[in-house]
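Novice: My questions all concern the structure below.
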Amino acid sequence: MDKFGMHNQTENLFAKHPGTGHADTTRHQWLTNQHRDTLAHYVADDSMALFIAMVEGESVARTRSDMLQRMRQPCGPAPPAATGT
Amino acid sequence: MFLYNLTLQAPGGVSTAILGHFSGEKHQELVVGRQQHLELWHADTQTGKLSIRHSQNVFCRIRSLAQFRLPGAGKDHIVVGSDSGAVAVVEYDAAAGRFATVQHHEFGRSGLRRQVPGQYVAADPKGRAVMVAAVERAKVVYVVTRDGAAGVALASPLEASRAQSACIDVVGVDVGYENPVFAALELDYDGAAGGARALVYYELDLGLNHVVRRWSVAVGGSANRLIALPGGGDGPSGVLVCSEGAIEWRHAGAPDAAPRAAIPQRADPLGRGGGTRAPLVVASAVHRMKGAFFILAQAESGDLYKITVAHAAGGVTRLGVRYFDTIAPASALRILRAGFLFAASLEGSHQLFQFENLGDDDGGDDGGDDGGDDAGDDAGDDVAGPRFRPRGLASLALVGEVEATGPVVRSRVLNLAGEDAPQVYALCGRGARSALRIVRHGLEVAELAVSELPGTPRAVWAVRRREAAAHDELIVVSFLDATLVLSAGEDVAEVADSGLLASAPTLALHRVDGGGLVQVTPRAVRHVLPDGRVSEWLPPGGREITCAAAGPRQVAVALARTGGQAVYFELHPQLGVLREHAQRLQAGAEITCLALAPVPAGRRGAPFAAVGCADQTVRVVALDAARCLEPLAVQAAPAAAHSVAFAAAPRGALVLHVGLRNGLLMRAAVDPVSGGLDATRTRFAGARPVQLCPARVAGADAVLALSSAPWLCHAHAGALRTTPLSYDPLDYAAAFSSEQCPQGLVCVAGSTLRILAIDRPDALFNQASIPLALTPRDFVLNADSRHFAVLEAEHAHYSPAQLERALPPAAAPPPPADQFGLVRSAPGRWASHVRVVDPFTGETTHLAELEDGHAAVSMAHVRFASDPAPLLVVGCAAGLALRPRRCESASIRVYRWADAGRALELVHATPVDDVPQCLAPFAGQLLVALGRTLRLYDLGIKQLLRKAQSVVARNAISVLQPHPHAPDRLFVADVHDSVSLAVFNHATRAFHVVVDDALPRMVTAMHVLEDGDTLAVGDKFGNLSVLRVPERVAHALDTDPSRLLHERPRLGGSAAHKWDCVAEYHVGDIITSLEACALSSASRPVILYATLLGSLQAAVPLASKSDADFFRALEMAIRRHWPPSASLGRDHLAFRSAFRPVRSVVDGDLCEQYFALDHDTREKISDDVDRTQQDILKKLEDIRSMFAL
């Protein structure tokens, strides 16, 4: 079926660009991806990091460190596969 | 609407800084990244002054900087990590005075993306390779080589990515000349260790040209920073891993039991043992000396620690961390070789300290442990390191400072002081370092001396008597009918033996070459020779001299009632006396003013004179021998000239300034050969005839233009600029030099004589600041008493008053908060108060403190229909938790102004059921936003009375603004879902949303323009948008709003109609305040906005279509011809469209880059735009002067 190695290439692209999504993407995976995008932007954007740090009364460095830590599991651990959709 | 956006003041916060030899000179320089500005700073090691040498707008966000030096090269190169999806190697071109990109390699999409490298850059200490890393996964290593022309070349990138991991920090490990190694601090998403972080070594194999992940070790879950130690022969190599409360040394091949030291912790003033938080290192600096090194690290609180490293052949044997000093928290620390510490900050001013000693090494616990037996356990949990009491500076001394406006929380443009231009009142800073700043457009003037004079002086001069004197010796003040000669020196006293005529006013005074002075009075031209003899020339027929100009070898005087005759004198080269020229100058109309051009280098006299005539013309005449008194040019002016002055301009040009009787200031370029006048510009200077006074400021020629406000015309960054001085109106000024101030000014104002100095002609804004105690949140003005009520609230910290109450009875007093910061309490606890402050004296006249745990959230000044006096309303929440936002209880407090508007007294408090996020006056009542709900209250005797309530917002209301004219309309901004227009229906007592937005905008600030249909909005991602009510809806609202109230919502929104989006622009920084205002009494209004990081920008509405077309074409042409060496690879159009496509806004900062471009590029652009270069320059200058920017 896969005459031109299309499937392989697609797999490769999916691996390279996380968050591309496919038919079996769960709600948790999608949300995790969204949250990581957001957190990464907050970490990278000086004015956003300062904004959050000022509201929380923390230093910018600690706010950044906390947000990076949250990137690990921004929406908590993945639910068991059966209920994850 | 078409806007032209100009940055008036660049953002103040510095996110990153590096140290090196960037211009190839011997002294060290700093390169600083300030959002979109790459700057070169110089620290003067003699005076300790910090100065900004060059600032370049690169139109992208600078996220990280690193420097490297190619082996054998004479200067350092800069690697810039930005949001351009590319890495750029930049060098400072000292000859051209700007940064130039020498290498540029793209690797991904632009923007602040999670997996596109740019967040971190690190260079190998030997300059062989560079690593660029992203927040997640991607890391790219470039081998740096030389190309054929001995420039820098980047080899193709080598990937060192690791999926499912976030990167926290990257440094280049010093391994001498072995294969380059980069250390990265990573967080593995799938790691079994439950969020532990790992230190990973990536080795670049130069032989095989690939990168391998060589070694990794788990470090504490709170590790956040790496410090590379010197290696090779200079140190143990490896990295220090900084975690919460502890620092440990790690290196590949070193034993698992890593040497580790606890970070000493501040002794808690409340004596709490546990529960206080361990220090976290936020900045560090490593200084290499011969055979030794010195490491400083800074914790969040601002405490500096000295890290001592004992090492032997096998690696580090012992680590020690000792308290060093306390300074303001920094974002970057750098130690200069000359013994200075530079501390840059994201949230305040940037400071330079001098080392007085390197800290004491004797005795005391330094937190090190010798065995290293507990290494490897989680450092964040239970570190109770040694304690210390913070003290004043002992090892450092503050020597220099660059002021920055810091985080601007809120600002307002007001003219409380009744000056010509309004002032910006801004709430800045955070915690104990916050302040209410009063920012004025104008140069800062330092007043050195003021003395009263008998009578009202007309003019003043300062001269040297002797040729050899270094400074001015005489100050000559001319009155209506007399002249006063004073000695300038230690004590100012009248001088009798000067030879100058005291019984007549003086029209002109100058020192003559070869000694002596020339004084022109209405009745004579007097040449006072060095030996005291006086030679006089008397005008013929008893005519009076009306005006005069004098130079070192030339004098010109105009005679009254002669139809414009002027007599010209030249100093005889041999005899040393003034000789009248055979011919007279015939101007054709009565002469009102005269000026001589500056003497060019290598010439003996001024080549030109300028003559202002009563027939509203200004003429330039030649003074050189070949064509003496020949008219060269005539320029018509809108009014008669009051005074004229020449000034030298950059690139050998000459400029003629003309001050007119009607208050206009005119400027024209003078051709240095033909004397022709060209490129005339006119601007309004004030309501009085403009007096021009040549002066010298910061080593360059300048002209003071004195009208009802003083102005300085000077050259800055290659362009001529006219800037107001933040000072009283002056009558006359002259250059003055003394020992205390080599380049000052002596001025007369009213009946006083003043000595002034302008130290920083590059800073367009100056500021005064009033310190506050807690992070300010909002403020309102009591217009009657002209006092501000400032709302201050702090999360998880004690306010000074709270701390005093919480202190145990016998405890030592806590360290002062303004120097050492506030003391932390616990999350969920708040401290807040309302401060009444007089902006003129800075005095706090009243401090209304809220109960412990109450957070003040919002405030408004409301004039209730049922009460004649305006009342201050404050929204408070107790037990406010931030994420998710909720509170235990909330209330709205109503305060009445007391003591003539200088104090507050509580009237009553009304409990409400949610956080009162914003308050606004609305038709004689109070409008309160409680989450999604809008509630209307009226004033009662015991409490507020609820009148109406509606749910209007999707998530939570963030900003409220009533309509400027219509009393039943208001604009409601949601934290996430943009702005909607709500109408109050009196029949049903409910709010109906009539217009809402099709796009989400996380609104932080908004302002409704005067027409009531247009609003400017700033959002959390740094965008400026202008929205407008659709014309049909606006018409319906004005005629028959009832029809609109019941229309069915469309497109999933809450209203039937959507805003018309008029303009979009990406600013790149969160807008905290927006306002439409005129920047001077004579200019048209602009949209002025302040951003969080302290920049001040103006969006100028362009009135005519032709202007808009011109600027759009110019912007497009500059984009097209923008030299690649000036950019870091970010496409300008893409940058300004980072979130939404830019619309109807031209980037004025890009247009103004035209001034700095070379001639060929300018020519190409002017061909594209189909205008001459002169036209384009004039347009760019006109738009600034028209809006008084």
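Novice: Within segment B:841-885, whose backbone N sits under 16 Å from a point 7 Å along Cα→Cβ of residue B:943?
Specialist: Zone members listed by number: B:874-878.
Novice: Using the 2.2 N^0.38 Å rule of thumb for compact globular proteins, work out how segment A:27-85 stacks up: its C-alpha Rg over that value, please.
Specialist: 1.30
Novice: Something else about it: Sticking with the crude label model, points 7 Å out along Cα→Cβ, report the distance from residue B:838 to residue B:1121 in nm, one decimal please.
Specialist: Label-label distance for residue B:838 and residue B:1121, simple model: 5.8 nm.
Novice: Still on this structure, please answer the following. Within 10 Å of each Cβ in peptide B:112-119, how many partner chain Cβ atoms are there on average? Round it to a whole number, please.
Specialist: Average neighbour count from other chains, rounded to a whole number: 5.
Novice: Then there's this: To test your reading of the geometry: what angle, between 0 and 90 degrees and rounded to tens, separates the Cα axis of helix A:46-56 from the longest principal axis of chain A?
Specialist: Helix A:46-56 sits at roughly 60 degrees to that axis.
Novice: Ok, one more. Bins of 10 Å, beginning at zero and ending with the bin holding the largest distance: percent of Cα pairs per bin for segment B:580-654, please.
Specialist: 19, 50, 27, 4
Novice: Continuing with this model, one more query. Treat every Asp and Glu Cβ in the protein assembly as shown as -1 and every Lys and Arg Cβ as +1, leave all other atoms uncharged, and give the resulting dipole magnitude about the Cα centre to the nearest 20 debye.
Specialist: Around 1800 debye, computed over the protein assembly as shown.
Novice: Quick one: grab Rg to one decimal and Dmax as a whole number for chain B, Cα atoms only, in Å.
Specialist: For chain B, the Cα radius of gyration and maximum Cα-Cα distance read 33.7, 107 Å.
Novice: Could I ask something else about it? Read phi for every residue in segment B:823-834 and hand back ³J(HN,Hα) as whole Hz from Karplus 6.51 cos²θ - 1.76 cosθ + 1.60, θ = phi - 60°, with x for Gly and Pro.
Specialist: 8, 6, 10, 10, x, x, 9, 10, 10, 8, 7, 10
Novice: Count neighbours as other Cβ atoms within 10 Å of each site's Cβ, and list the chymotrypsin sites (Phe, Trp or Tyr not before Pro) in segment B:138-186 that are DSSP loop with at most 15 such neighbours.
Specialist: The qualifying sites are B:177.
Novice: Can you list residues whose amide H is under 5 Å from residue B:1078's amide H, if they're 5+ apart or on another chain and H is modeled 1.01 Å from N?
Specialist: Long-range HN contacts for residue B:1078: B:1086.
Novice: Take peptide A:62-75, look around each residue's Cβ out to 10 angstrom, count Cβ atoms belonging to other protein chains, and average those counts.
Specialist: What the average comes to for A:62-75 is 5.
Novice: Taking the Cα centroid of segment B:136-196 and of segment B:801-847, what is the distance between the two, rounded to the nearest whole Å?
Specialist: 46
Novice: Taking the Cα atoms of segment B:122-202 alone, what are Rg (to one decimal) and Dmax (as a whole number) in Å?
Specialist: My reading of the Cα-based Rg and Dmax gives 14.2, 52 Å.
Novice: Give the relative contact order (percent, whole number) for chain B; include only Cα pairs under 8 Å separated by 6+ residues.
Specialist: 8
Novice: Counting every Cα pair in segment B:671-809, what percent are over 27 Å apart?
Specialist: More than 27 Å apart: 48 percent of the Cα pairs in segment B:671-809.
Novice: What is the Cα centroid distance between segment B:221-260 and segment B:1089-1165, reported in whole angstrom?
Specialist: When both Cα centres are located, 46 Å separates them.
Novice: Net charge around residue B:201, counting only other residues with Cβ within less than 14 Å of its Cβ (Lys, Arg = +1; Asp, Glu = -1)?
Specialist: -2
Novice: Hey, another quick one. Normalising by the residue count of segment B:1064-1162, find the relative contact order in percent from Cα pairs under 8 Å and 6+ residues apart.
Specialist: Contact order relative to length: 30 percent.
Novice: Which length gain, in nm to one decimal place, applies between residue B:923 and residue B:579 when the Cα-Cα distance is subtracted from 0.36 nm times their residue separation?
Specialist: Using 0.36 nm per residue and subtracting the Cα-Cα distance, I get 115.9 nm.
Novice: Could you check the spin-label model distance between residue B:869 and residue A:4? Points 7 Å from the Cα along Cα→Cβ, value in nm.
Specialist: Once both label points are built, they end up 8.2 nm from each other.
Novice: In whole Å, what are the extents of the protein assembly as shown along the principal axes defined by its C-alpha atoms, from largest to smallest?
Specialist: Principal extents (Cα only, largest first): 113, 86, 82 Å.
Novice: For residue B:758, what is the net charge nearby, where nearby means another residue's Cβ is under 12 Å from its Cβ and Lys, Arg count +1, Asp, Glu -1?
Specialist: So the environment of residue B:758 carries a net charge of -2.
Novice: Give, as a single signed number, the net charge of other residues whose beta carbon lies under 10 Å from the beta carbon of residue B:1150, with Lys and Arg counted +1 and Asp and Glu -1.
Specialist: For residues surrounding residue B:1150, the net value is -2.
Values quoted throughout were computed directly from the atomic coordinates according to the rules given, and no laboratory measurement underlies them. Just so we're clear, the structure is a prediction, and the values are computed from it rather than from any experiment. Every residue, glycine among them, receives a Cβ derived from its backbone with ideal geometry; neighbour counts consider all protein chains shown.
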